[in-house]
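Here is the structure we will look at, set down as structure tokens.
The values are calculated or read from the model by the stated rules, or taken from the named source; none is laboratory data. Owing to the predicted nature of the structure, the values given are computational and were not obtained by experimental measurement. Using ideal geometry, Cβ is built from the backbone for each residue, glycine included, and neighbour counts are taken over all protein chains shown. The accessibility values were calculated without ligands, DNA or RNA, using every heavy atom of the protein model including side chains. Shrake-Rupley method; radii C 1.70, N 1.55, O 1.52, S 1.80 Å.
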Amino acid sequence: MANFKTEILHKHKCLKARITEITTPHGKFITPAFMPVATRAYINQLTPEQIKRTNSQIILGGNTYHMLVSPGMEVIKNNNGMHNFMNWHKPMLTDSGGFQVFSLSKNKKICKINDQGAKFKHPTSGKIIELNPKISIETQKIIGADIIMAFDQCTPDTEDERLVKQAMMRTENWLEQSVETHQKQPETPYGYKQALFGIIQGGNIRELREQCSKHVCSLDFDGIAIGGESIGFNMPKTKEIINWVRPLLPENKTRYTMGVGATPQDLIDDSAEGIDIYDCVAPTRNARHGALYCGEFVFSDDWLSFKSLNHNNNNNKNPTILIKKAQYKLDQDPIMPGCDCYTCTNYTRSYIHYLFKTQAPAYYPLACEHNIYVMQKACDNMRDIIKKHDN
Ligand SMILES: [Zn+2]
């Protein structure tokens with residue numbers, strides 16, 4: 001099986017956007033690429049066949065913390081890894097559990113964290129889960145994803161420099177321990193090498209972001225992620241942080257912003273700054289709540305945007321329709337006119353509205369497939385325009 005490799009194919013002549021080809025043991029994919037999230041080893045409401053129909057090339061599969069809770073490593077190993085377990089035989093990235101340390105540590109009864117790592121008590125089963133760099137990397141070996149993440153402490157969106165610095169110092173130590181564990185055994189138990197990505201923390205403080213970038217780049221990672229609570233959640237701040245760190249990043253390594261992709265426009269804005277891959281649960285979560293992307297991709301001279309179909313409302317950064325609204329009861333249009341996804345090709349708003357109102361299980365896969373498809377369409381369109389404006 002092939003080893004991990006990143007190759008730059010095209011660079012936009014005015015923007016930082018680029019197209020890269022990434023080779024993994026489970027095939028190649030072309031960036032910019034959005035990764036749908038299968039935190040618990042399934043993408044909500046979608047089978048792997050349906051995910052393929054959205055033109056997704058890579059998924060984020062089986063988060064370390066969740067997989068330790070259930071089904072446990074014995075089951076994953078017995079299935080010869082997550083690709084076989086999920087029946088997804090294309091590229092896959094998994095997460096180190098660092099984000100769960102962050103979100104669960106807000107409740108001291110559930111998670112205790114110190115310089116060595118974190119200890120969780122699972123809220124319902126009472127199962128004790130320990131995570132540190134060594135356990136995280138060893139677990140990700142068993143999961144068997146093509147790309148694994150160094151164990152980090154996600155930094156809160158705060159101006160408290162002491163807190164941010166503490167998380168960053170911990171992250172720096174944990175990254176070194178992650179690299180050490182990975183280098184001792186770069187292969188999975190299934191016989192192929194994994195790529196390890198480092199994570200830049202440092203909150204919203206420029207000096208700390210820069211310091212952390214230099215540290216991450218000094219270690220031998222295959223790709224570089226930018227993490228933290230602000231990333232994806234606050235897009236103007238995300239853009240600012242990318243601009244601080246990008247000059248320090250090597251050109252030939254994959255760049256990943258963790259948690260970006262609440263809207264198609266967020267992907268477009270992120271890739272204009274030179275980011276290759278991203279993941280976000282928002283497209284499927286929005287779909288479940290009845291918020292369905294509905295806009296059009298508008299091409300300017302050298303870039304594009306995702307705009308509302310209602311031209312009086314073009315300041316709206318997130319063009320969606322709320323399918324529960326009575327105005328869709330008789331509507332014969334597809335969810336998004338012009339969309340050629342499976343749902344829009346075959347069903348009307350009237351039918352999707354009826355499914356949503358009656359809480360029919362059939363609603364969820366149709367809605368999720370459309371929302372993920374639109375995210376991938378944004379990536380497709382970006383690849384087209386970058387090729388046209390290659391320098
Ligand atoms: Zn559609």
Check your understanding: Out of curiosity, is T358 among the β-branched types (V, I, T), out of contact with any helix residue (DSSP H, G or I) (no Cβ under 9 Å at 6 or more places or on another chain), away from the ligand (no atom under 16 Å from the Cβ) and modelled with pLDDT of 95 or more?
Key -> yes
Review point. Can you tell me how many residues in segment 100-109 are under 19 Å from R40 (Cβ atoms) and surrounded by 15 or more Cβ atoms within 10 Å (Cβ to Cβ)?
Key: 4
Revision key, fill the gap. Within segment 354-371, restricting to residues that are hydroxyl-bearing (S, T, Y) and assigned to a helix (DSSP H, G or I), the one that is most open to solvent (accessible area, probe 1.4 Å) is Y354
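If you take the residues of segment 324-335 that are aliphatic (A, V, I, L, M) and more than 8 Å from the ligand (Cβ to nearest atom), which of them is nearest to the chain's Cα centre (by Cα)?
In this case the residue turns out to be A326.
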Check your understanding: Which residue pairs have Cβ atoms closer than 6 Å, lie 6 or more positions apart in sequence or on different chains, and pair a first residue in segment 65-80 that is within 25 Å of C111 (Cα to Cα) and modelled with pLDDT under 95 with a second residue that is outside any helix (DSSP H, G or I) and open to solvent by 50 Å² or more (accessible area, probe 1.4 Å)?
Key -> H66/R40
Practice item. Please give the number of the condition N316 fails out of (1) over 12 Å from Y293 (Cβ atoms); (2) not in a helix (DSSP H, G or I). Key: (1)
Study note, to complete from the structure: Reported set for segment 159-181 where residues are closer than 27 Å to K90 by Cβ and either open to solvent by 10 Å² or more (accessible area, probe 1.4 Å) or aliphatic (A, V, I, L, M) (or both) is V179, T181
Practice item. Any chance you could count how many residues in segment 21-46 are within 23 Å of L68 (Cα to Cα) and open to solvent by 30 Å² or more (accessible area, probe 1.4 Å)? Key: 5
Check your understanding: Can you tell me which residues in segment 53-99 are closer than 14 Å to Y42 by Cβ, part of a loop (DSSP other than H, G, I, E, B) and open to solvent by 30 Å² or more (accessible area, probe 1.4 Å)?
Key -> S70, P71, N79, N87
Check your understanding: Would a scan of segment 336-352 turn up a residue that is away from the ligand (no atom under 13 Å from the Cβ) and under 20 Å from T263 (Cβ atoms)?
Key -> no
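Conditions (1) free of Cβ contacts under 8 Å to residues at least 24 places away in the same chain; (2) charged (D, E, K, R); (3) surrounded by fewer than 24 Cβ atoms within 10 Å (Cβ to Cβ), marked per residue:
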{"residue": "I199", "(1), (2), (3)": "no, no, no"}
{"residue": "S218", "(1), (2), (3)": "yes, no, yes"}
{"residue": "G232", "(1), (2), (3)": "no, no, yes"}
{"residue": "P247", "(1), (2), (3)": "yes, no, yes"}
{"residue": "P250", "(1), (2), (3)": "no, no, yes"}
{"residue": "T263", "(1), (2), (3)": "no, no, no"}
**Study point:** Residues of segment 329-353 satisfying the condition of being in contact (Cβ under 8 Å) with a residue 12 or more places away in the chain and open to solvent by 90 Å² or more (accessible area, probe 1.4 Å)
**Key:** K329, L330, Q332
Point to revise | Matching option when the condition is in contact with a strand residue (DSSP E or B) (Cβ under 8 Å, 6 or more places away or on another chain), open to solvent by 30 Å² or more (accessible area, probe 1.4 Å) and over 19 Å from D270 (Cα atoms), among P186, P156 | key: P186
Check your understanding: Which of the residues spanning segment 289-319 are open to solvent by 50 Å² or more (accessible area, probe 1.4 Å), over 13 Å from A378 (Cα atoms) and modelled with pLDDT of 95 or more?
Key -> H289
Check your understanding: Restricted to segment 237-293, and to residues that are part of a loop (DSSP other than H, G, I, E, B) and among the small types (G, A, S), which residue is nearest to the chain's Cα centre (by Cα)?
Key -> G259
**Study point:** Residue pairs meeting the criteria (Cβ under 6 Å; at least 6 apart or on separate chains; first touching a residue at least 40 places away in the same chain (Cβ under 8 Å), in segment 361-375; second within 10 Å of the ligand (Cβ to nearest atom) and open to solvent by 10 Å² or more (accessible area, probe 1.4 Å))
**Key:** E369/Y342
